[in-house]
Each structure stands twice: as C-alpha cells, then as structure tokens.
Amino acid sequence: MSKRIAVVGTGYVGLVSGACFAYLGHKVIGLDIDPEKIERLKKGEVPIYEPGLDKILRQAIDNKNIEFTTDYRYAVKNSDFIFIAVGTPSREDGSADLSYVESAYKSIVEQMEEGDFKIIVNKSTVPVGTGRWAKEFISSLLREKGFTNPEEMFEVVSNPEFLREGKAVEDFMNPDRVVVGADNRDYAGMVASLYEKLQPAMIITDLPTAEMIKYASNSFLATKISFINEIANICEKAGADVSVVARGMGLDHRISPHFLNAGCGFGGSCFPKDVKALVYTAKQYKVEPELLEATLDVNERQKIKPVEKLEKYMNLEGKTVSIWGLAFKPDTDDMREAPSISVVRKLLEKGATVKAYDPVAMENAKRVFKEEMERYPGKLIFCSDKYEALEGSDALILVTEWSEFKDVDFDRFRNKVIIDGRNLWEPSIVRQYAKAYEGIGKVK
Ligand code: NAD
C-alpha cells in the first residue's frame with residue numbers, strides 16, 4: 001500500500017532512496033536545505049552521477065509520486081514517515097558529526113502540531129546509541145514547545161542504508177538485507193513494510209543493534225581491503241602474486257572473493273569515516289579497537305604506495321606524471337577521501353607536474369584541489385581525455401579502475417613507467433610496451 005514519505009536530505013542516499021520509494025509506488029517528498037539542488041531536481045535534473053537514477057526519477061516525477069521542496073512545513077505536514085538522510089561526516093577527532101541530524105530533528109519538531117504522529121527514520125549512518133539519544137532529544141524539543149506527552153507524537157526507527165555509490169539504484173532495489181531497529185517492534189514492522197514489494201531478507205531488531213550492524217559491516221569490508229593490501233605487501237617481498245592469492249582465498253565460500261582486490265587503498269564517503277567513528281565509539285566504552293586502528297593505518301600507507309613505487313625509477317622533481325582516475329572508485333563522481341588526493345598531493349610535494357584525467361569526477365576534483373592549484377601554479381593540469389593526460393609525461397599512475405582504462409592503446413605507454421594501482425592490466429602485456437610496469441602485490 002502506498003505510504004506518505006518525506007526524505008530529509010537529497011544527496012546520494014536521500015535522492016536514491018526517495019526515487020526508489022516513489023518508483024515502488026509511495027508518495028515521496030524530497031527535502032533539502034540546498035535551494036539550488038532542489039531547483040535542479042524540480043526540473044528533473046539529477047545533480048549526482050549515479051547510473052539508472054535519471055530513469056527512475058523521471059518515471060517517478062511523471063507518475064506524480066515524487067516532489068521536491070525546501071519547505072519543512074510542507075514536508076512534515078504531508079508525511080507519516082520522515083527519513084533522515086543528511087550527512088554525518090567525521091569530526092577532527094574521528095567522531096561522527098551529528099550536527100546536520102540534530103538540525104533536521106529541530107526543523108521537523110518546529111513544524112509538528114497537536115495530534116501529529118510521525119515515524120522518524122534514521123537512514124543516515126549514526127553511531128550506536130544515537131536512536132535512543134534522539135528519542136530524548138526530540139521529546140525535550142516537543143516539551144519545550146508545550147506538548148505534555150511528547151512520546152505519543154513520534155517514534156524513532158533505525159534503518160541504515162547499505163547501497164554502494166555507482167550501483168546505488170540496483171542495490172536499493174535488490175538489497176542483500178533490510179535492517180530495521182526500534183524499541184517498539186510494531187513501528188519497526190511499519191518501516192519494514194515500505195520495502196514489501198522488494199521481498200528482501202529482513203532483520204528486525206532493537207535500535208543499537210541496527211545501528212551497529214551498519215558500522216560493523218562497513219568496518220569489516222574496510223578491514224578486508226586492508227588485509228589483502230597487507231598480504232600484497234608481503235607478496236611483493238616473498239615473490240608471490242596477490243591476485244592469484246586473492247582468487248585462491250575467494251573461492252573458499254567462507255571468505256568470498258569480494259573486497260579482496262589489492263590496490264592503493266579505500267576511500268569514499270563511508271569506509272574511512274565509519275571506521276573512524278567506530279574507533280571513537282569503542283574508546284568511549286573503554287574498548288581498545290586495535291584491529292580497526294590497524295585497518296586505518298594500513299590504508300593511509302597504501303594510498304601513497306604508487307608514489308613510492310615510482311620513486312624507485314625516478315627522482316620526481318621536474319618530472320611529469322599522468323594520473324588516470326580521480327574518483328574514489330569507478331562509476332561515481334564522488335571524490336570524498338579518494339586515494340587520488342593523497343597521490344596527487346604527494347607528487348606535487350615532490351616537485352612533479354601532474355596531468356590528471358577522470359571520466360566524470362573532474363568538476364568535483366577541481367573543487368577538492370583548489371588549494372593545490374593555487375599553491376603549485378601550473379603544476380596540476382586537468383585533461384579532457386585519457387590520452388591527452390599521457391602526452392609528454394614520464395610516468396602514469398592508474399588510481400581508479402574505470403572500465404575505459406581497461407581497453408587501452410598500449411603503444412601510448414612507450415617510454416613511460418606505468419604504476420598500476422589497481423592491478424587492472426596484464427603485466428606481461430604492458431611490459432612489452434612500457435619502460436617499466438609495477439602493479440600492487442606482484443613481482444612478475
Ligand atoms: P550527501 O552529502 O550526498 O547528502 C546529504 C544532503 O543532506 C545534502 O544534499 C545536504 O544539502 C542535505 N542536508 C544537510 N543538512 C540538512 C538539513 N538540516 N535538512 C535538509 N537537508 C540537509 O550525503 P550521503 O552520501 O547521501 O550520505 C548521507 C548519509 O547516508 C550519511 O550518514 C552516510 O554515511 C550514509 N550513507 C551513505 C552512503 C553512500 O554511499 N554515500 C551509503 C550508505 C549510507
């Protein structure tokens with residue numbers, strides 16, 4: 001049955017969830033405080049790069065199942081479920097910054113009236129304990145407004161999101177599982193029923209357990225990446241090939257082949273910040289998170305591995321290095337915590353000129369590297385295609401394994417040192433053309 005849903009925050013998660021709920025037949029209002037974003041969405045423009053999103057959004061708009069606003073009053077009045085999908089970035093100390101979430105709660109409460117009952121659903125990734133804290137916080141705001149029985153006006157439910165950028169629509173529509181946590185299982189069931197058409201595996205649990213499932217899942221995947229990167233570093237010294245090792249491991253169904261690709265580290269808007277936030281939470285509870293800290297340390301070192309490898313072949317001062325791929329992974333324009341940031345900064349610090357190209361993240365990259373462009377004038381050049389980025393360079397570092405880099409005219413690699421930060425190419429082939437080739441975790 002169609003339900004009335006408001007989604008607060010129309011970023012990667014909010015927009016995809018809103019569009020998918022609308023596609024499933026619910027009546028959705030997407031709300032954001034960014035008027036420019038909302039104007040574009042009203043015109044049917046998609047402000048982020050996410051395969052398939054434009055199509056389902058267009059269909060939802062045509063079916064009048066989704067609308068966009070900056071007006072909290074309108075969104076709160078016309079919804080029963082209010083999903084919070086605002087950002088929860090890292091603070092300096094690693095903890096999750098909940099100020100956007102807090103501000104969303106305040107704006108919702110401001111619009112609540114006598115007789116209202118709202119199910120407030122945390123889809124943002126929030127630390128264990130946030131849901132219970134939110135209940136007290138929202139109650140106190142309602143009490144300040146003069147309502148005497150605030151707990152009868154709302155319920156807080158946790159419904160963490162597991163979608164991957166680049167495959168967000170596909171993931172939302174085919175979830176491995178949907179996790180819903182609440183103190184009152186009836187309300188958890190009501191949120192679960194929003195996904196009914198998808199027939200997903202469902203975990204219904206309490207608030208802190210649902211919140212922890214999200215952090216534990218992301219931390220595990222990040223740890224798997226750091227694990228294989230550590231194995232890769234040992235492989236290089238011991239003469240083993242990490243790609244074959246990973247395949248040999250991944251065929252064991254207890255291990256699975258996913259997230260076992262050695263490379264130049266993980267980035268993105270989730271893994272780094274979520275592992276840091278779990279480290280912070282653990283310390284709050286006086287638990288020493290040694291494994292999680294090692295996951296982060298290994299990753300920091302791994303991000304600059306390609307530059308260290310390149311330095312074996314040349315002094316970088318005065319050299320020109322091409323970078324292929326800037327986004328934190330293929331099929332997204334997201335640059336948050338991308339390993340390319342560490343690679344480019346390190347190269348500039350060492351006196352190299354960088355010629356960079358990414359199929360879709362160029363605009364975001366220009367914003368990220370604004371300071372570097374001022375600090376190193378003329379030394380960071382953004383190129384409009386992959387071959388332009390190769391012209392006149394001494395070396396190439398592949399940072400993001402976009403599929404357009406897979407099929408390449410290897411002739412263009414002549415006289416260059418190639419550092420394949422994602423083990424994308426077959427070493428024996430590249431070596432026929434390039435001056436030198438190095439992947440990650442392999443000597444041959
Ligand atoms: P995002 O930065 O892309 O989008 C957040 C949006 O919220 C922005 O459009 C911003 O303008 C808006 N916003 C901020 N404060 C607001 C307010 N008070 N009221 C209304 N709108 C407001 O963030 P995202 O990547 O979509 O992530 C959102 C949450 O989902 C985070 O907690 C993140 O950890 C989690 N998450 C993200 C992913 C992912 O792949 N990006 C996956 C799973 C979970």
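Some observations on this one:
- Selection from region 71-95 of residues that are buried (at least 22 other Cβ atoms within 10 Å of the Cβ) and either farther than 22 Å from Val191 by Cβ or more than 8 Å from the ligand (Cβ to nearest atom) (or both): Ala75, Val76, Ser79, Phe81, Ile82, Phe83, Ile84
- Within region 197-230, considering residues that are assigned to a helix (DSSP H, G or I) and β-branched (Val, Ile, Thr), the one nearest to Glu290 (Cα to Cα): Thr223
- Single residue of Ala277, Ala282, Ala246 found to be aliphatic (A, V, I, L, M) and within 16 Å of the ligand (Cβ to nearest atom): Ala277
Yes/no matrix, rows are residues, columns are (1) in contact (Cβ under 8 Å) with a residue 12 or more places away in the chain; (2) in contact with a Ser or Thr (Cβ under 9 Å, 6 or more places away or on another chain); (3) under 18 Å from Lys77 (Cβ atoms):
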| site | (1), (2), (3) |
| --- | --- |
| Asp93 | yes, no, no |
| Glu102 | yes, no, no |
| Ser107 | yes, no, yes |
| Asp116 | yes, no, yes |
| Asn122 | yes, yes, no |
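- Qualifying residues in region 9-21 (those that are within 12 Å of the ligand (Cβ to nearest atom) and not in a loop (DSSP other than H, G, I, E, B)) - the one surrounded by the most Cβ atoms within 10 Å (Cβ to Cβ): Gly18
- When each of Leu98, Leu53, Leu24 is tested for being surrounded by 14 or more Cβ atoms within 10 Å (Cβ to Cβ), more than 21 Å from the chain's Cα centre (by Cα) and of a type in the set (A, V, I, L, M, F, W, C), the lone residue that passes is Leu24.
- Applying the criterion of at least 2 residues that are touching a residue at least 12 places away in the same chain (Cβ under 8 Å) and either within 19 Å of the chain's Cα centre (by Cα) or closer than 14 Å to Ile231 by Cβ (or both) to the helices (runs of 4 or more DSSP H) found wholly in region 248-311 leaves 271-284, 290-303.
- Contact map, region 159-175: first residue assigned by TED's automatic domain parsing to the domain that holds Phe83, second residue of a type in the set (Gly, Ala, Ser) and more than 9 Å from the ligand (Cβ to nearest atom), Cβ cut-off under 6 Å, separation 6 or more or different chains; pairs are Val169/Gly52.
- Odd one out for Val321 among (1) within 14 Å of the ligand (Cβ to nearest atom); (2) part of a strand (DSSP E or B): (1)
- For the condition closer than 28 Å to Phe271 by Cα and either over 26 Å from the mean Cα position of the chain (by Cα) or modelled with pLDDT of 95 or more (or both), Ile108 does not qualify.
- For region 410-444, a residue qualifies if it is outside any strand (DSSP E or B) and among the aliphatic types (A, V, I, L, M), and the qualifying residues are Leu424, Ile429, Val430, Ile440, Val443.
- Residues (touching a residue at least 40 places away in the same chain (Cβ under 8 Å) and either surrounded by 15 or more Cβ atoms within 10 Å (Cβ to Cβ) or of a type in the set (Lys, Arg) (or both)) located in region 61-70: Asn65, Ile66, Phe68, Thr69
- From Ser217, Ser226, Ser243, residue being closer than 30 Å to Ile56 by Cα and of a type outside the set (Lys, Arg): Ser217
- In this structure, Lys237 does satisfy being away from the ligand (no atom under 13 Å from the Cβ), closer than 24 Å to Asp297 by Cα and of a type in the set (Lys, Arg).
- Any hit, region 41-63, residues being part of a loop (DSSP other than H, G, I, E, B), more than 8 Å from the ligand (Cβ to nearest atom) and in contact with a strand residue (DSSP E or B) (Cβ under 8 Å, 6 or more places away or on another chain): no
- Residue-level analysis places Lys273 among those that are buried (at least 21 other Cβ atoms within 10 Å of the Cβ) and touching a strand residue (DSSP E or B) at 6+ places or on another chain (Cβ under 6 Å).
The values are calculated or read from the model by the stated rules, or taken from the named source; none is laboratory data. Please read these numbers as outputs of a predicted model, since none were measured by experiment. No Cβ is skipped: glycine too gets one built from the backbone with ideal geometry, and neighbour counts run over all protein chains shown.
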